[in-house]
Amino acid sequence: MTSLQGARVLITGAGSGLGRACALAFASRGARIAVSDLRLDAAQDTVKLLEARGAEALALALDVCSEESFAAAVAQVQDAWGGVDVLVNNAGVATAGTVAESPVKQWQWVLDINLLGCVRGARAVIPLMQAQRRGHIVNVASFAGIANPPALASYNAAKAAVISLSETLRFELYPDIGVSV
């Protein structure tokens, strides 16, 4: 098991579900966790779980649809801990429907959160990580982005785009910043 003792980890959508599970996993390896979520109360609930396990954690309100919100969250982590070592772009939503049935508004919503949320997150931490000459970005995608199950058109396309974004970032940011999807 790899130690992440003292690593500064910012996780989006960590108020519940996979984000919360990631927060607990990183904390179990010694990381400090900035738990962010659209709902501050959900982030605070995760922080309570982390602190009960002896982890150092911050709760942050973060709207992944806002560059300003990302900038503020990154600044809070930098002020508290001097930087960000790992960003986990986890926040996401699920959608269903065929191309013919799904309104464009649904496409815009899922792409704004699932894809552009990752873009905004990366853009918020890249300058800081470049100055640190180290860091890692994790973008959460889905097998749906590869397998393309029927009647999940907008979700499949958004997650496929996250995979492509991550592969592009991997080449753009090498060797100082790692990227995983």
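The values are calculated or read from the model by the stated rules, or taken from the named source; none is laboratory data. None of the values given here were measured: they were computed from a predicted structure. When we count neighbours, we look across all protein chains shown, and the Cβ atoms used for this are built from the backbone with ideal geometry, even at glycine. Quick note on the areas: whole protein, heavy atoms, side chains included, nothing else; ligands and nucleic acids left out. Shrake-Rupley method; radii C 1.70, N 1.55, O 1.52, S 1.80 Å.
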Residues with amide H under 5 Å from that of Gly135, placed H, sequence gap 5 or more
Gly178
Taking the solvent-accessible surface of protein heavy atoms with a 1.4 Å probe, what is the per residue accessible area of the chain in Å²?
48 Å²
Running Debye on the chain with equal point scatterers at the Cα sites and no solvent, what base-10 log of I(q)/I(0) appears at q = 0.15, 0.16 Å⁻¹?
-0.82, -0.93
Note: Ala71 to Ile163 extended length (0.36 nm per residue) minus current alpha-carbon separation gives 30.8 nm
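In whole percent, how big is the carbon plus sulfur part of the accessible area of the chain, probe 1.4 Å, protein atoms only? Numbers along the way, then the final one.
Working: 4980 of 8750 Å².
In the chain, the share of accessible area belonging to carbon and sulfur is 57 percent.
Restricting to DSSP H runs of at least four residues, report the calculated mean residue ellipticity at 222 nm for the chain, -39500 (n - 2.57) per run over all residues, nearest 500 deg cm²/dmol. Before the final figure, lay out each step's value.
Numbers: 7 runs with 89 residues, N = 181.
Here the helix-only value at 222 nm equals -15500 deg cm²/dmol.
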Any idea what the relative contact order of the chain is, in percent, if you count C-alpha pairs under 8 Å spaced at least 6 apart?
19 percent
Hey, got a sec? Which chymotrypsin sites (Phe, Trp or Tyr not before Pro) in the range 50-146 land in a DSSP loop and have at most 10 other Cβ atoms within 10 Å?
Phe143
